[in-house]
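Trainee: Could you have a look at this structure, given as structure tokens, before my questions?
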Amino acid sequence: MTQLSSSGNELIQMSEGAVILKGFLLKHEQELLRNLERITDLSAFRHMVTPGGYRMSVAMTNCGPRGWVTDERGYRYSETDPETGHAWPEMPALYSQLARQAAAVAGYHDFCSDACLINRYIPGARLSLHQDKDEKNFTHPIVSFSLGLPATFDFGGRTRSAPVTPYLLEHGDVVVWGGPSRMFYHGIRTLKKGHHERMGSQRINLTFRRAH
Ligand code: MD6
Ligand code: FE
């Protein structure tokens, strides 16, 4: 179902509590990217290893008080970057404000994120079907920003075997979900080759969560 949101953006309802806000970030593209450069100068993208020993094809970093990490010990949130031993770079005010605004448009008011996971995909990278379940309290929604190359996002259901619906996520789109859909399985299909005029040959995804 497609409608117009209160912010004037096209809004796609994926399921109860889960929406895509098309082009929500476009006005802020420059400022978002300037901030991203500062963050990745301090905490560079790296390929983390899953507890099962697989190197992830998606490169990751974080900003904010907490960052999501994985290694042989498991998945968790950490207040420090294991690569630098320092705190993660500060979350830019613009990031937390835009995440809060997007959440409000989707009906989740006063969203306060304390973690922002930043994913970088180059063609060939993918993120297999998963649930986001390392947070303490699932009543908070998750807000996700897409920049750069388009990707196919598979949105499933409560179980891994539930059928998925594919959605295209493009530069500037925001996904917000929570409520009854909070634990739904989802993933990103293998990124196709391409060139984006601002971002080159990559896709960047920022997911904002309340971890604690
Ligand atoms: C991505 N996103 O868009 C991967 N998780 O690259 C996610 O895994 C995700 O977009 C939870 C909520 C929103 C998301
Ligand atoms: Fe996820």
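The values are calculated or read from the model by the stated rules, or taken from the named source; none is laboratory data. Keep in mind that what you see is a predicted model, and the values were worked out from it rather than measured. Using ideal geometry, Cβ is built from the backbone for each residue, glycine included, and neighbour counts are taken over all protein chains shown. Areas reflect the complete protein model, heavy atoms only, side chains present, ligands, DNA and RNA absent. Shrake-Rupley method; radii C 1.70, N 1.55, O 1.52, S 1.80 Å.
Trainee: Being more than 12 Å from ligand 1 (Cβ to nearest atom), assigned to a strand (DSSP E or B) and open to solvent by 10 Å² or more (accessible area, probe 1.4 Å) is the requirement here; does PRO180 meet it?
Mentor: no
Trainee: Within the range 25-52, restricting attention to residues that are open to solvent by 20 Å² or more (accessible area, probe 1.4 Å) and either modelled with pLDDT under 95 or in a loop (DSSP other than H, G, I, E, B) (or both), which residue is farthest from HIS186 (Cα to Cα)? Break it down stepwise before answering.
Mentor: Just the residues of the range 25-52 that are open to solvent by 20 Å² or more (accessible area, probe 1.4 Å), to begin with: 26-31, 33-35, 37-38, 40-42, 44-47, 49-52.
Okay, now just the ones that are also either modelled with pLDDT under 95 or in a loop (DSSP other than H, G, I, E, B) (or both), so 44-45, 47, 50-52.
Working: ALA44: 26, PHE45: 22, HIS47: 20, THR50: 17, PRO51: 20, GLY52: 20 Å.
Ranking the candidates gives ALA44 first.
Trainee: Let me ask another. Identify all residues within the range 141-163 that are within 14 Å of ligand 2 (Cβ to nearest atom), in a loop (DSSP other than H, G, I, E, B), of a type outside the set (Gly, Ala, Ser) and surrounded by 16 or more Cβ atoms within 10 Å (Cβ to Cβ); write none if there are none. Explain how you work it out, then say what you get.
Mentor: Within the range 141-163, the first condition is being within 14 Å of ligand 2 (Cβ to nearest atom), and the residues that meet it are 141-146, 151, 153-156, 160.
Next, from what is left, pick out any that are in a loop (DSSP other than H, G, I, E, B): 141, 156, 160.
Going one step further and asking which of them are of a type outside the set (Gly, Ala, Ser), we end up with 141, 160.
Across the range 141-163, the qualifying residue is only PRO141.
Trainee: I would also like to ask the following. Taking the residues in the range 164-177 that are in a loop (DSSP other than H, G, I, E, B) and touching a Gly at 6+ places or on another chain (Cβ under 7 Å) as candidates, determine which candidate is surrounded by the most Cβ atoms within 10 Å (Cβ to Cβ).
Mentor: Per the stated criteria, the residue is ASP173.
Trainee: Among (1) outside any strand (DSSP E or B); (2) open to solvent by less than 40 Å² (accessible area, probe 1.4 Å), there is one condition ASP134 misses while meeting the rest; what is its number?
Mentor: All conditions are met except number (2).
Trainee: Now, a different point. Suppose we keep only residues that are charged (D, E, K, R) and away from ligand 2 (no atom under 13 Å from the Cβ) within the range 113-140. Which one would you say is modelled with the lowest pLDDT?
Mentor: Looking at the filtered set, the residue picked out is LYS136.
Trainee: Here is a follow-up. Given the criterion under 28 Å from GLU31 (Cβ atoms), in a loop (DSSP other than H, G, I, E, B) and among the small types (Gly, Ala, Ser), identify the matching residue among ALA125, ALA104, ALA99. Let's see the steps before the verdict.
Mentor: Values: ALA104 fails: in a loop (DSSP other than H, G, I, E, B); ALA99 fails: in a loop (DSSP other than H, G, I, E, B).
One residue alone meets the criteria, ALA125.
Trainee: Here is a list of conditions, (1) open to solvent by 50 Å² or more (accessible area, probe 1.4 Å); (2) under 15 Å from the mean Cα position of the chain (by Cα); (3) at positive phi, and GLY64 meets all of them except one; can you say which number that is?
Mentor: In the conditions (1) open to solvent by 50 Å² or more (accessible area, probe 1.4 Å); (2) under 15 Å from the mean Cα position of the chain (by Cα); (3) at positive phi, GLY64 misses (1) alone.
Trainee: Name the residue that is nearest to ligand 1 (Cβ to nearest atom), counting only residues in the range 141-167 that are more than 17 Å from GLN13 (Cβ to Cβ) and among the β-branched types (Val, Ile, Thr).
Mentor: THR152
Trainee: Considering only the range 164-177, state which residues are within 14 Å of the chain's Cα centre (by Cα) and either closer than 18 Å to GLN97 by Cα or more than 13 Å from ligand 2 (Cβ to nearest atom) (or both).
Mentor: Answer for the range 164-177, where residues must be within 14 Å of the chain's Cα centre (by Cα) and either closer than 18 Å to GLN97 by Cα or more than 13 Å from ligand 2 (Cβ to nearest atom) (or both): GLU170, HIS171, GLY172, ASP173, VAL174, VAL175, VAL176, TRP177.
Trainee: Got a sec? Which of GLY74, GLY85 is open to solvent by 50 Å² or more (accessible area, probe 1.4 Å) and out of contact with any strand residue (DSSP E or B) (no Cβ under 9 Å at 6 or more places or on another chain)? Walk me through it before giving the result.
Mentor: Details: GLY74 fails: open to solvent by 50 Å² or more (accessible area, probe 1.4 Å).
Residue meeting the stated conditions: GLY85.
Trainee: Which residue is nearest to ligand 2 (Cβ to nearest atom), if the candidates are limited to the range 187-211 and must be open to solvent by 10 Å² or more (accessible area, probe 1.4 Å), closer than 26 Å to GLU135 by Cβ and of a type in the set (Val, Ile, Thr)?
Mentor: Applying the filter and picking the extreme gives THR207.
Trainee: Further, regarding this structure: Being more than 9 Å from ligand 1 (Cβ to nearest atom), free of Cβ contacts under 8 Å to residues at least 60 places away in the same chain and either touching a helix residue (DSSP H, G or I) at 6+ places or on another chain (Cβ under 6 Å) or not small (Gly, Ala, Ser) (or both) is the filter here, so list the residues in the range 107-130 that pass it.
Mentor: Those that are more than 9 Å from ligand 1 (Cβ to nearest atom), free of Cβ contacts under 8 Å to residues at least 60 places away in the same chain and either touching a helix residue (DSSP H, G or I) at 6+ places or on another chain (Cβ under 6 Å) or not small (Gly, Ala, Ser) (or both): HIS109, ASP110, LEU129.
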